[in-house]
1. Would you call residue 65 modelled with pLDDT of 95 or more, closer than 22 Å to residue 132 by Cα and surrounded by fewer than 20 Cβ atoms within 10 Å (Cβ to Cβ)?
2. For segment 15-28, does any single residue satisfy the condition of being out of contact with any strand residue (DSSP E or B) (no Cβ under 7 Å at 6 or more places or on another chain) and more than 25 Å from residue 129 (Cβ to Cβ)?
3. Restricting to segment 26-40, what's the tally of residues that are buried (at least 19 other Cβ atoms within 10 Å of the Cβ) and assigned to a helix (DSSP H, G or I)?
4. Tell me, yes or no, whether segment 72-82 has at least one residue that is farther than 21 Å from residue 48 by Cα, buried (at least 20 other Cβ atoms within 10 Å of the Cβ) and in contact with a helix residue (DSSP H, G or I) (Cβ under 6 Å, 6 or more places away or on another chain).
5. Of everything in segment 118-137, what is touching a helix residue (DSSP H, G or I) at 6+ places or on another chain (Cβ under 8 Å) and surrounded by fewer than 18 Cβ atoms within 10 Å (Cβ to Cβ)? Give them in sequence order.
6. Of all the helices (runs of 4 or more DSSP H) wholly in segment 52-155, which have at least 3 residues that are without any contact (Cβ under 8 Å) to a residue 60 or more places away in the chain and closer than 14 Å to residue 41 by Cα?
7. Yes or no: residue 91 surrounded by 12 or more Cβ atoms within 10 Å (Cβ to Cβ), within 16 Å of the chain's Cα centre (by Cα) and either modelled with pLDDT under 95 or farther than 18 Å from residue 22 by Cβ (or both)?
């Protein structure tokens, strides 16, 4: 069982989009029973809130299934539980490390580090560009799947 935690600032836009996009990709490969996929925030600002309407609308537009959920915050214990903790931008990585401590097992990365063009994924809460965020997340998730295949974690 491979356990993946996607993380962004508030857990209402990027990380839940990544969670549901990656879940959809895994389901399409028939591997849903091989994964636990969750998302979390580094801040307390949106705790308890569902996916932001702009992110929800984009998932609907792209036919990505999702469920109602509540934003949660990453906790130190998550480091032991998850195999991969994947942030959306460099500030997420810094904040994750402040919360969980040193990354001794090299579990923390940025989603687009798995792509051919590593970079941050812009927060659509501020930019309003949910299409760009969606495309960046898909690019990162595709790269992450290729990484998992290369490492023989999935076939």
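1. Values: modelled with pLDDT of 95 or more: yes; closer than 22 Å to residue 132 by Cα: yes; surrounded by fewer than 20 Cβ atoms within 10 Å (Cβ to Cβ): yes.
The answer is yes for residue 65.
2. Residues of segment 15-28 out of contact with any strand residue (DSSP E or B) (no Cβ under 7 Å at 6 or more places or on another chain): 17, 20-21, 24-25, 27-28.
Adding the requirement that they be more than 25 Å from residue 129 (Cβ to Cβ) leaves 27-28.
Checked against the condition, which is being out of contact with any strand residue (DSSP E or B) (no Cβ under 7 Å at 6 or more places or on another chain) and more than 25 Å from residue 129 (Cβ to Cβ), segment 15-28 yields at least one hit.
3. Final tally of qualifying residues: 1.
4. Initial filter on segment 72-82 (farther than 21 Å from residue 48 by Cα): 79-82.
Among the residues that remain, those that are also buried (at least 20 other Cβ atoms within 10 Å of the Cβ) are: 79, 82.
Add one more test, that the residue is in contact with a helix residue (DSSP H, G or I) (Cβ under 6 Å, 6 or more places away or on another chain), and what stays is 79.
Yes, segment 72-82 contains a residue that is farther than 21 Å from residue 48 by Cα, buried (at least 20 other Cβ atoms within 10 Å of the Cβ) and in contact with a helix residue (DSSP H, G or I) (Cβ under 6 Å, 6 or more places away or on another chain).
5. Answer for segment 118-137, where residues must be touching a helix residue (DSSP H, G or I) at 6+ places or on another chain (Cβ under 8 Å) and surrounded by fewer than 18 Cβ atoms within 10 Å (Cβ to Cβ): 118, 119, 120, 122, 127, 128, 131, 132.
6. Numbers: elements: 53-61, 78-81, 90-100, 124-127, 130-150.
The qualifying helices (runs of 4 or more DSSP H) are 90-100.
7. On the way: surrounded by 12 or more Cβ atoms within 10 Å (Cβ to Cβ): yes; within 16 Å of the chain's Cα centre (by Cα): yes; either modelled with pLDDT under 95 or farther than 18 Å from residue 22 by Cβ (or both): yes.
Spelling it out, residue 91 is indeed surrounded by 12 or more Cβ atoms within 10 Å (Cβ to Cβ), within 16 Å of the chain's Cα centre (by Cα) and either modelled with pLDDT under 95 or farther than 18 Å from residue 22 by Cβ (or both).
The values are calculated or read from the model by the stated rules, or taken from the named source; none is laboratory data. Being a predicted model, the structure only gives us computed values, none of them experimental. As a convention, Cβ positions derive from the backbone with ideal geometry for all residues, glycine included, and neighbour counts pool all protein chains shown.
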